[in-house]
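A.B. asks: One structure is given below, represented as structure tokens, and several questions about it will come after.
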Amino acid sequence: MFGASSNHAICVLSSILSFALHFPYSSIVFVDYGLKRVDTCRLTNVYRILHDYWRAIESDVSIYNRVYNWSSFPEWMNINAMNHGGYTWKPISIADVFYQWKGVVLWNDASNLYNSKLLNSISIMRNEGIYIPKDLSSFESHFHPDSYSFLIEYGFATPFNYSIRMGRANQMLFDYNDATCRLIIARWIQCAYTRRCMTLIGVGKDMHLPEQGALSAIMLYYHKASFFRTPIYPTLGHENTLHNVILTGLLEKYSNITKESLSVEVIDKCLDDSFK
């Protein structure tokens, strides 16, 4: 599962291609948080490459493309609002897929690339039902005390050592078959829809990492905090231009499998005025 707005529209192409290459029998969900027409065109060209790749290896999987309907949510939840709307759109999108798929959901931030350490993360998820890696930030430094107090007051969490490091929300695994994971997702969603819980008025990212702080605290409450002992981070490939080494290298690997001549130009067939 991936998602991006226009400022991550290029790097997410490499992310999708990277994971599909290593998980060829897993379906993909992409959530459009605000792409421009040219971004949508390039993404569609990547979908065509994946279709040919899956056909070549006889993989019967699907791509699900979703568009986030911002008009259904209050303005304070918007990705362009203060602190990116508290990142509420992330748990909401994940839960949407989680409840429909009723299986394992892997969320990847738009700049993530495949890293073999992910296999260790999957093993942890198989045992515990949920996995997020450890962040460099502590609750004390990057989770606002007002959110912490709210979680305690309304029974989403119990008091814990506020100086410990929280989990990170850039690569997460959720198993619907785990009953406790389902409880954690439900609580996380309740928090996302409650402004005092996640999207604090006037509080920015430098003081508050809302969605991962809330999720980490809820996981602690349910004794599922695997991030304490497993600092497994994804590889990042944040590129702002199409002509980059990562994307070029991935396309070469796909060319070897599909026997097609694939290049950045194939993805970038969106240059006429109608896409600008």
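The values are calculated or read from the model by the stated rules, or taken from the named source; none is laboratory data. These numbers come from a predicted model, not from an experiment. Quick reminder, even Gly has a Cβ in these numbers, built from the backbone with ideal geometry, and neighbours come from all protein chains shown. Just the protein is used for accessible areas: all its heavy atoms, side chains included, with ligands, DNA and RNA removed. Shrake-Rupley method; radii C 1.70, N 1.55, O 1.52, S 1.80 Å.
A.B. asks: Could you list the trypsin sites (Lys or Arg not before Pro) in segment 1-48 that lie in coil according to DSSP, counting only those with at most 14 other Cβ atoms within 10 Å of their Cβ?
C.D. replies: Answer in residue order: Lys36.
A.B. asks: Another question, if that's okay. So with the 1.4 Å probe, I'd like the accessible area per residue for the chain, rounded to whole Å².
C.D. replies: Here the per-residue accessible area is 46 Å².
A.B. asks: By its C-alpha gyration tensor, with a ≥ b ≥ c as the square roots of the eigenvalues, how is segment 158-201 shaped: rounded for a/c under 1.5, else prolate for a/b larger than b/c, else oblate?
C.D. replies: Oblate, because a/c is 1.5 or more while a/b does not exceed b/c.
A.B. asks: Something else now. Can you give me the % of accessible surface on the chain that is carbon or sulfur? Probe 1.4 Å, all protein chains present, nothing else counted.
C.D. replies: 52 percent
A.B. asks: Can you pull out the cysteines in the chain that have no other Cys Cβ under 4.7 Å?
C.D. replies: Cys11, Cys181, each lacking another Cys Cβ under 4.7 Å.
A.B. asks: Which residue, Val245, Val105, Val29, tops the fluctuation ranking in a GNM of the chain built on C-alpha contacts under 10 Å?
C.D. replies: Highest fluctuation among the options: Val245.
A.B. asks: Mind checking which of Cys181, Cys191, Cys41 has the largest fluctuation in a GNM of the chain, springs on alpha carbons under 10 Å?
C.D. replies: Ranking Cys181, Cys191, Cys41 by mean-square fluctuation puts Cys41 first.
A.B. asks: Which loop trypsin sites (Lys or Arg not before Pro) in segment 97-163, with loop taken from DSSP, have no more than 16 other Cβ atoms within 10 angstrom of their Cβ?
C.D. replies: Answer in residue order: Lys102, Lys117.
A.B. asks: Oh, and also: Suppose only helical runs count, i.e. DSSP H with n ≥ 4. What mean residue ellipticity at 222 nm does that imply for the chain under -39500 (n - 2.57) per run, divided by all residues and rounded to the nearest 500 deg cm²/dmol?
C.D. replies: After summing the helix terms and dividing by residue count, I get -12500 deg cm²/dmol.
A.B. asks: While we're on this one: If you look for lysine pairs in the chain that are eight or more places apart or on different chains, how many of them have Cα atoms under 15 Å apart?
C.D. replies: 4
A.B. asks: Next question, about the same structure. What stretch of the chain, leaving out the sites themselves, is the longest with no GluC sites (Glu not before Pro) in a DSSP loop having at most 16 other Cβ atoms within 10 Å?
C.D. replies: With GluC sites (Glu not before Pro) excluded where exposed in loops, the chain gives 59-238 as its longest stretch.
A.B. asks: Compute the signed sum of charges (Lys and Arg +1, Asp and Glu -1) over the other residues within less than 11 Å, Cβ to Cβ, of Pro91.
C.D. replies: With Lys, Arg at +1 and Asp, Glu at -1, the net is 0.
A.B. asks: Where a ≥ b ≥ c are the square roots of the eigenvalues of the C-alpha gyration tensor, would you call segment 1-133 rounded, which needs a/c under 1.5, or, failing that, prolate if a/b is larger than b/c, or oblate?
C.D. replies: oblate
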